[in-house]
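Notes to accompany the following structure.
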Amino acid sequence: METARSSRLKDHVRANWRTVALICRKCSKKLGGGFGPKGDERLARALRRHLSLKTGRKAAAGIVEVNCLGVCPKGAVTVVDGADSREWLLVRPGADLDALAQALGMGANHP
């Protein structure tokens, strides 16, 4: 039996994301940093800061840390581009964040 309250619940939520990157939380944690200006940040935070993105669904793009993706590369973080999920990226510490943003479709030249 459907109640009056359940009929008022939303069945979807809008996000402002143009694209999304899924970043393996386990890989990032194993590395213990390696990204950002001082090399002490996890990839998700460093990339979000580098692109001046807010967090949450109102940001221009989504950067989401997800549970283990099962690749577990030595000395790298697994990243999945939501728009091109057939090719996964293995990002090493100290990687060029501008180049990574371009590869993920989050660079300045992408709408």
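Tell me what the chain gives for mean residue ellipticity at 222 nm when only DSSP H runs of n ≥ 4 count, each as -39,500 (n - 2.57), the sum divided by the residue total, rounded to 500 deg cm²/dmol. Please list the in-between numbers first.
On the way: 3 runs with 22 residues, N = 111.
Per the formula, -5000 deg cm²/dmol.
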Between Arg49 and Lys29, the two model label points (7 Å from Cα along the beta-carbon direction) sit apart by a distance in nm of 2.1 nm
Which FRET efficiency value, to the nearest 0.05, is calculated for Glu87 and Arg8 with the Förster distance at 35 angstrom and r the Cβ-Cβ distance?
0.25
Looking only at lysines whose Cα falls under 29 Å of Lys54's and that sit 8 or more positions away or on another chain, we get Lys10, Lys26, Lys29, Lys30, Lys38
With the convex hull built on the Cα atoms of the chain, state its orientation-averaged projected area in nm².
9.1 nm²
Using +1 at the Cβ of each Lys and Arg and -1 at the Cβ of each Asp and Glu in the chain, identify which of Ala99, Asn16, Gly70 lies farthest towards the dipole's positive end.
Asn16
Considering only the chain, what is the antiparallel percent among its DSSP beta bridges, to the nearest 5?
65 percent
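Coordinate-derived values only; no laboratory data. Here the structure is a predicted model, which is why all the values come from computation and not from measurement. Note that each Cβ is placed from the backbone with ideal geometry, even for glycine, and that neighbours are counted across all protein chains shown.
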